[in-house]
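Asker: Below is a structure I'd like to ask you about.
The values are calculated or read from the model by the stated rules, or taken from the named source; none is laboratory data. Here the structure is a predicted model, which means the values were calculated and not measured. Reconstructed Cβ throughout: ideal geometry from the backbone, glycine too, with neighbour counts over all protein chains shown. To get the accessible areas, we keep the full protein, side chains included, count just its heavy atoms, and leave off ligands, DNA and RNA. Shrake-Rupley method; radii C 1.70, N 1.55, O 1.52, S 1.80 Å.
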Amino acid sequence: MTPSRSSLPRSIARRTAAVALVAVAGLLAASPTSSAMPDRPAAADVSDGTLAAPDIPLSNVKAHLTQFQSIATANGGNRAHGRTGYKASLDYVKAKLDAAGFTTTVQQFTYSGSTGYNLIADWPGGDPNQVLMAGAHLDSVSSGAGINDNGSGSAAVLETALAVSRAQLQPTKHLRFAWWGAEELGLVGSRYYVNNLPSTDRARVSGYINLDMVGSPNPGYFVYDDDPAIEKVFKDWYAGIGVPTEIETEGDGRSDHASFKNVGIPVGGLFTGASRTKTSAQAAKWGGTSGHAFDRCYHSSCDTTTNINDTALDRNSDALAHAIWTLGTAEPLPPGESYENTTDVAIPDNAAAVTSALTVSGRTGNAPAALRVGVDIKHTWRGDLVVDLLAPDGTAYRLKNSSSSDSADNVITTYTVDASSETANGTWRLRVQDVAAQDTGYIDSWKLTF
Ligand code: DTR
Ligand code: CA
Ligand code: ZN
Ligand code: ZN
């Protein structure tokens, strides 16, 4: 609120155009070189409009680990950035994907005097405005083969991509898989990818799923606590097989999802633990050995194919496939359906926020990447107001900030919100708070249009 305001009769207000807050809508760059859509059998639906994922054969995942081990052994014992073992690992993965019908791109970068490489694989088709990504860093540290860290994640992502090809999946979203270089040197490859992705293309990425260490020998089952929708898919899947999960608490900033989270892209992922010690409570629910590290060979030469827990690797591979199938095949919602609340709600002056609720039901899947939020708030000096949309799970989407200079009256506009990570059904709320003294008003009405 500006000090000079009390001298101005508040009714005199310069009208400034209400600027609709346009949240990032999910959009996609055309895949690097989109090949013609191969003929594919129509996908068979299951109950909620998504498709059931296939089982990912553990033997296939382990065959990739065996290849990574052989590559390390033949290239000085590692697959590190700047070493021949890294490029050989990338060539192996690329060859599998090319043969499976993916459109692959190798992105080069330079770091600490060496050439690094990211591998990007696009599955032709799907909504170019909603790209679902899954990735893993392919590099190891220089001290070893890096089979759990992160051959495990690389192999799980590769086999899930190959399962998409085997199924000739026709997802509603565009699927993109990625293998990053130089993660061990500071998320270098994934940051290079994100930094070189034009902002319009970034906005097209509706979510990024990260797998880094998913086969630890003394495993825990951790789910990243980031995007609620991605987290829910993983937690529900693990609950479905009767395995409790914990929120990943050491992950922030510690793997490639951070590169995406830093630019506002919804992220999630799975982790089975590194050098931290498994507690007795964790051993009681997960088995394994308390008082020992989840992976005692973390960043060591003993991180070889013997450093893998098959059950953990299998479960996390299957969990990733479930997430890709669930998030990737969710049916688009019928456009244009609206839900409105016309009950007036008084907004107390310079006091606690108030809310107005809307219950959405009968829809399937998630809300759209361009959910329209129409608001009609009668209030003099609208600069006093902060307005948020609250999703059914409580996630807040800021629609309007307060402004000491916006003296115009009333907020009558439509905001567009990327709510694609939110389930459509449930109770949505408009939250309004008056954060400056003088001037009052009320929520006249508001509506959601899907
Ligand atoms: N920084 C990763 C290993 C790692 C450590 N904590 C977490 C949490 C979530 C994912 C990965 C990790 C590496 O050494 O590659
Ligand atoms: Ca499996
Ligand atoms: Zn590492
Ligand atoms: Zn790692």
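Asker: Return the only residue of Gly288, Gly268 being open to solvent by less than 30 Å² (accessible area, probe 1.4 Å) and either within 14 Å of Tyr221 (Cα to Cα) or outside any loop (DSSP other than H, G, I, E, B) (or both).
Answerer: Numbers: Gly288 fails: open to solvent by less than 30 Å² (accessible area, probe 1.4 Å).
Just a single option satisfies the conditions, and that option is Gly268.
Asker: Oh, and also: Are any residues in region 259-274 more than 12 Å from ligand 4 (Cβ to nearest atom) and out of contact with any helix residue (DSSP H, G or I) (no Cβ under 7 Å at 6 or more places or on another chain), and if so, which ones?
Answerer: Result: Lys261, Asn262, Gly264.
Asker: Could you tell me whether any residue of region 61-80 is part of a helix (DSSP H, G or I), aromatic (Phe, Trp, Tyr) and within 16 Å of ligand 3 (Cβ to nearest atom)? So that I can check it myself, show each step before the final result.
Answerer: First, the residues of region 61-80 that are part of a helix (DSSP H, G or I): 61-74.
Checking the rest, the ones that are also aromatic (Phe, Trp, Tyr) come to 68.
So of that shortlist, the ones also within 16 Å of ligand 3 (Cβ to nearest atom) come out as 68.
Yes: region 61-80 contains one or more residues that are part of a helix (DSSP H, G or I), aromatic (Phe, Trp, Tyr) and within 16 Å of ligand 3 (Cβ to nearest atom).
Asker: When you go through (1) touching a Ser or Thr at 6+ places or on another chain (Cβ under 8 Å); (2) surrounded by 22 or more Cβ atoms within 10 Å (Cβ to Cβ) one by one for Arg83, which number turns out not to apply?
Answerer: (2) is the only condition that Arg83 fails.
Asker: For Val233, all conditions in the list (1) touching a Leu at 6+ places or on another chain (Cβ under 8 Å); (2) within 13 Å of ligand 4 (Cβ to nearest atom) hold save one; what is the number of the exception?
Answerer: Going through (1) touching a Leu at 6+ places or on another chain (Cβ under 8 Å); (2) within 13 Å of ligand 4 (Cβ to nearest atom) one by one, Val233 breaks only (2).
Asker: Also, quick follow-up: Out of all the residues in region 241-284, which are modelled with pLDDT under 95 and touching a Lys or Arg at 6+ places or on another chain (Cβ under 6 Å)?
Answerer: Val263, Val267
Asker: Also, I was wondering about something else. Here are some residues: Gly240, Gly186, Gly215. Which one is under 18 Å from His299 (Cβ atoms) and surrounded by fewer than 24 Cβ atoms within 10 Å (Cβ to Cβ)?
Answerer: Working: Gly240 fails: under 18 Å from His299 (Cβ atoms); Gly215 fails: surrounded by fewer than 24 Cβ atoms within 10 Å (Cβ to Cβ).
Every option except Gly186 fails the conditions.
Asker: Another one. Answer yes or no as to whether Thr249 is open to solvent by 10 Å² or more (accessible area, probe 1.4 Å), hydroxyl-bearing (Ser, Thr, Tyr) and out of contact with any helix residue (DSSP H, G or I) (no Cβ under 7 Å at 6 or more places or on another chain).
Answerer: On the way: open to solvent by 10 Å² or more (accessible area, probe 1.4 Å): yes; hydroxyl-bearing (Ser, Thr, Tyr): yes; out of contact with any helix residue (DSSP H, G or I) (no Cβ under 7 Å at 6 or more places or on another chain): yes.
Yes: the conditions hold for Thr249.
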